[in-house]
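The values are calculated or read from the model by the stated rules, or taken from the named source; none is laboratory data. Just so you know, these numbers come straight off a predicted model, no measurement behind them. Here the Cβ positions follow ideal geometry from the backbone for every residue, glycine too, while neighbour counts run over all protein chains shown.
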Amino acid sequence: MMEVVTNESGRTEMDALVMNAIRTVFDPEIPVNIVDLGLIYEVTINPDFTVYVRMTLTAPNCPAAGQLPGDVRNAILGVEDIVDANVEITFDPPYTMEMMSDEAKLDLGFL
């Protein structure tokens, strides 16, 4: 479901650094990182080293709604050379458990 978009060729190392940074963010109620939970829909790294993230939450009334976007932004800003990050929350498409990686499903006992 997640799409990594880059605007320059040869940016795979930066892609990996940004994705690894996002993987350090966990939903406070679920012991799985938000990438494996399937909450990240899009990551765009621009030529000016700004990053755009489109993500969702497990539910519209998620108690972490006020915290997670800031956590994602701060994690990305910790990547060397990244100058800014914008995190947008969307509920389209709505989150379902099928968006989780197999590893997350296994960790949570769904497999």
I need every pair where a residue in the range 78-103 that is assigned to a loop (DSSP other than H, G, I, E, B) has its Cβ under 7 Å from the Cβ of a residue that is surrounded by 16 or more Cβ atoms within 10 Å (Cβ to Cβ) and among the acidic types (Asp, Glu), sequence separation at least 6 or different chains. Met100/Asp36; Ser101/Asp36
State which residue is farthest from Asp15 (Cα to Cα) when the search covers only the range 35-63 and only residues that are out of contact with any Leu (no Cβ under 7 Å at 6 or more places or on another chain) and aliphatic (A, V, I, L, M). Ala59
Taking the residues in the range 9-41 that are of a type in the set (D, E, K, R) and closer than 17 Å to Ala85 by Cβ as candidates, determine which candidate is modelled with the highest pLDDT. Arg23
Within the range 18-32, how many residues are under 13 Å from Ile76 (Cα atoms), part of a loop (DSSP other than H, G, I, E, B) and of a type outside the set (D, E, K, R)? 2
Is the range 33-55 home to any residue that is on the phi > 0 side of the Ramachandran plot and either surrounded by 12 or more Cβ atoms within 10 Å (Cβ to Cβ) or assigned to a helix (DSSP H, G or I) (or both)? yes
